[in-house]
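Asks: The structure's right below; bear with me while I get my questions together.
The values are calculated or read from the model by the stated rules, or taken from the named source; none is laboratory data. Nothing here was measured: the structure is a model prediction, and the numbers come from that model. Neighbour counts run over all protein chains shown; Cβ positions are idealised from the backbone, glycine included. All accessible areas refer to the heavy atoms of the entire protein, side chains included, with ligands and DNA or RNA removed. Shrake-Rupley method; radii C 1.70, N 1.55, O 1.52, S 1.80 Å.
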Amino acid sequence: RNPQTWTKERFEKTVIYTDRKGQKHWFFDSMLMLEIWDDNYKVTYSVANDGKNSSRKSHWEGLLDYWFAPTTGFQALDDCIAENAAEIGTPRSPRYIVFSLPDPVYFENYSNGVEVTDKNTVYWGSIEGERMDFSKMDHRLKAYKWYIDQIRERFAQKDYRYIQLLGFYILS
């Protein structure tokens, strides 16, 4: 993400295009919201990282807060579409969102696919009072399920007019 914040103005390049005659048209109808690392926190969301620390639950929650903020992220995208719809008409279909799922990385310092058995696998956080241990497949699946449920719940709470959640993209 550079610049860091997705605003209405920044989304406009993906929502519409202007032809040579100056007429606006709808552009992309689906968007992948892909998060691989966070330079602010020096963490990675992917198994295929470059030596950064693995992201924790607080980082995953930060992504949710980022994308579901009141004036930026998905709200900015919906607002951008609304503003352009007033000028060029409502799009024939919603704009679809595919949300990337962070990897529940086995080790706190997983480096370039090298599994080092002396690294911590219990670093991420807890779900329903149970501390996740990502050396266990069922805990990794529980983290995925928790995150999917969070995203679906937040989408359901919002009243987006022009965007819909289409699905999920698993990084690894």
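Asks: State the percentage of accessible surface on the chain attributable to carbon and sulfur atoms; use a 1.4 Å probe and exclude ligands, DNA and RNA.
Replies: 47
Asks: Taking only Cα atoms, what is the 0 to 90° angle, nearest 10, from helix 57-67's long axis to the longest principal axis of the chain?
Replies: Helix 57-67 sits roughly 0 degrees off the main axis of the chain.
Asks: Output the relative contact order of the chain, whole-number percent, from Cα pairs under 8 angstrom with separation of 6+ residues.
Replies: Relative contact order comes out at 27 percent.
Asks: Further question on the same structure: Using a 10 Å Cβ count of at most 13 others and DSSP loop calls, identify the longest part of the chain lacking such GluC sites (Glu not before Pro).
Replies: 1-114
Asks: Taking θ = phi - 60°, what integer Hz values does the Karplus form 6.51 cos²θ - 1.76 cosθ + 1.60 yield along the stretch 136-147, in sequence order, with x for Gly and Pro?
Replies: Along the stretch 136-147, the couplings run 9, 4, 5, 6, 5, 5, 5, 5, 4, 4, 4, 5 Hz.
Asks: Per residue, how large is the accessible surface of the chain? Use a 1.4 angstrom probe and give square angstrom. Could the numbers behind the result be given before it?
Replies: Numbers: 9700 Å² over 172 residues.
Dividing the accessible area of the chain by its residue count gives 56 Å².
Asks: Further, regarding this structure: Which residues make up the longest stretch of the chain that has no trypsin sites (Lys or Arg not before Pro) in a DSSP loop with at most 11 other Cβ atoms within 10 Å?
Replies: 93-172
Asks: On to the next question. Given only helices, namely DSSP H runs of n ≥ 4 each adding -39500 (n - 2.57), what is the per-residue ellipticity at 222 nm of the chain, to the nearest 500 deg cm²/dmol?
Replies: After summing the helix terms and dividing by the residues of the chain, the value is -10500 deg cm²/dmol.
Asks: Hey, another quick one. Counting Lys and Arg as +1 and Asp and Glu as -1, what is the net charge of the other residues whose Cβ lies under 11 Å from the Cβ of P94?
Replies: Net local charge, P94 excluded: +1.
Asks: Of the labelled options (i) -0.47; (ii) -0.24; (iii) -0.30, which one gives log10 I(q)/I(0) by the Debye sum over Cα atoms at q = 0.08 Å⁻¹ as computed for this structure?
Replies: Of the labelled values, this structure produces (iii).
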